[in-house]
1. Looking at segment 248-305, which of its residues are in contact with a His (Cβ under 8 Å, 6 or more places away or on another chain) and of a type in the set (S, T, Y)?
2. So which strands (runs of 3 or more DSSP E) are wholly in segment 65-141 and hold at least 2 residues that are under 20 Å from L195 (Cβ atoms) and either open to solvent by less than 10 Å² (accessible area, probe 1.4 Å) or out of contact with any strand residue (DSSP E or B) (no Cβ under 7 Å at 6 or more places or on another chain) (or both)?
3. Residue pairs, Cβ under 9 Å, 6 or more apart or interchain, first in segment 206-234 and more than 29 Å from L189 (Cβ to Cβ), second of a type in the set (D, E). List them.
4. Anything in segment 209-249 that is closer than 17 Å to R264 by Cβ, under 22 Å from the mean Cα position of the chain (by Cα) and loosely packed, with under 14 Cβ neighbours inside 10 Å? List them, or say none.
5. Do the conditions hold for D277, that is, is it acidic (D, E), within 18 Å of T289 (Cβ to Cβ), in contact (Cβ under 8 Å) with a residue 12 or more places away in the chain and not in a helix (DSSP H, G or I)?
6. T95 passes all but one of (1) touching a residue at least 60 places away in the same chain (Cβ under 8 Å); (2) closer than 15 Å to R294 by Cα; (3) out of contact with any helix residue (DSSP H, G or I) (no Cβ under 7 Å at 6 or more places or on another chain); which number fails?
7. Here is a list: R170, R248, R141, R237. Which entry is under 29 Å from R130 (Cβ atoms) and basic (K, R)?
8. I'm trying to understand the selection: among the residues of segment 248-269, which are aliphatic (A, V, I, L, M), within 21 Å of L218 (Cβ to Cβ) and not in a loop (DSSP other than H, G, I, E, B)?
Amino acid sequence: MVTRIALTGLASAVSVVSLTLTGPAPLTGPAAGAAPALPAGIRPPAGHTRPLEWGTGPLTVAALPRITYVAHRGGAREVPENSMTGLMAAYERGTAQVLDFDTRLLRDGTPVVFHDETLNRTTYLGGEVRGLDAREWQGVRLRPKDALPGSWRSERPPTVAEVLDRFGGRIVLMLEAKDPRSLDRLAGLIRARGLTRSVFVNSNDPEVARRAHRLGLLAQLWRSARQLRTDRPERWRSYVDLLDVDHRARDADLVRAVRSGIRRVWAHTVVTDAQRDRVLALGCDGVITDTPGRLARAAQRGARP
């Protein structure tokens with residue numbers, strides 16, 4: 001059941017963020033295997049190890065730099081989390097090489113971009129996400145935090161298909177499957193667009209990561225500081241492409257993860273220079289951050305890249 005929270009002046013139409021961005025292009029999906037056209041007003045992001053070659057195929061994880069920055073939920077302290085305009089802003093700024101977002105299933109099986117089980121925290125509605133169908137999802141509007149920099153307006157949270165169609169093959173994506181039941185549906189969306197080497201599929205469950213690997217996806221496994229105390233990450237190296245570790249873990253636990261044989265070990269959720277510098281010094285080769293713009297500016301001023 002969904003309950004509406006009264007709010008004076010909530011616009012009924014979908015509106016977009018007030019940024020120095022050109023309006024988004026229509027959300028039309030590319031044919032499977034075809035290279036998508038670059039959206040109007042969007043420039044290729046900076047910081048990649050090779051030029052982006054639009055029209056020759058999707059950008060894959062092979063293009064990631066030695067140290068990778070990920071915009072967590074689009075950069076949740078800088079933009080409205082898990083919003084299309086927030087993801088577009090992170091893409092446009094070019095301060096991260098990977099865009100992260102969360103996914104959940106609606107009642108009719110539609111995968112949508114959303115973090116919580118309920119609508120209460122980030123929208124003007126209340127109730128469970130899984131209580132809605134795709135038609136009802138059209139009426140959901142995000143509620144940007146007042147503390148965010150800049151001026152943001154309300155908008156509908158996107159579906160997973162819309163995000164894949166907008167960004168797939170233009171930048172590496174990372175999606176968390178909050179509902180393990182969604183894995184087959186997500187795999188179908190990713191495969192249909194030729195993005196199996198361009199999208200990490202994330203879970204906290206090693207068995208879900210194993211299933212993702214068997215489906216031909218890039219499997220990502222995140223672990224908390226508490227879990228890392230007893231984890232033996234080397235057990236997962238045959239099917240985990242990316243180990244996502246809590247930056248608050250003990251030094252010894254992070255080093256054990258780095259030495260596990262898993263190719264990529266990235267730390268979450270980093271927000272300060274000191275946190276970034278510590279995990280990189282311990283051997284992590286990626287930073288998942290709510291503040292990609294701020295960390296990038298600090299790096300440009302001479303902090304460790």
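1. Matches in segment 248-305: T269, T289.
2. On the way: elements: 68-71, 98-105, 111-113, 125-127.
The qualifying strands (runs of 3 or more DSSP E) are 68-71, 98-105, 111-113.
3. A225/D246; A225/D253; R226/D246; L228/D246; L228/D253; R229/D253; D231/D253
4. Those that are closer than 17 Å to R264 by Cβ, under 22 Å from the mean Cα position of the chain (by Cα) and loosely packed, with under 14 Cβ neighbours inside 10 Å: none in segment 209-249.
5. Details: acidic (D, E): yes; within 18 Å of T289 (Cβ to Cβ): yes; in contact (Cβ under 8 Å) with a residue 12 or more places away in the chain: yes; not in a helix (DSSP H, G or I): no.
For D277, the condition - acidic (D, E), within 18 Å of T289 (Cβ to Cβ), in contact (Cβ under 8 Å) with a residue 12 or more places away in the chain and not in a helix (DSSP H, G or I) - is not met.
6. Just one mismatch for T95, condition (3).
7. Values: R170 fails: under 29 Å from R130 (Cβ atoms); R248 fails: under 29 Å from R130 (Cβ atoms); R237 fails: under 29 Å from R130 (Cβ atoms).
Within the list R170, R248, R141, R237, the selection yields R141.
8. First pass over segment 248-269, keeping only residues aliphatic (A, V, I, L, M): 249, 252, 254-255, 257-258, 262, 265, 267.
Those left that are additionally within 21 Å of L218 (Cβ to Cβ): 257-258, 262, 265, 267.
The answer is A257, V258, V265, A267.
The values are calculated or read from the model by the stated rules, or taken from the named source; none is laboratory data. Note that the coordinates shown come from a computational prediction; the quantities given were computed from them, not determined experimentally. Positions of Cβ are backbone-derived with ideal geometry, glycine not excepted, and every protein chain shown enters the neighbour counts. We work out accessible area using only protein heavy atoms, side chains counted, and drop any ligands, DNA or RNA first. Shrake-Rupley method; radii C 1.70, N 1.55, O 1.52, S 1.80 Å.
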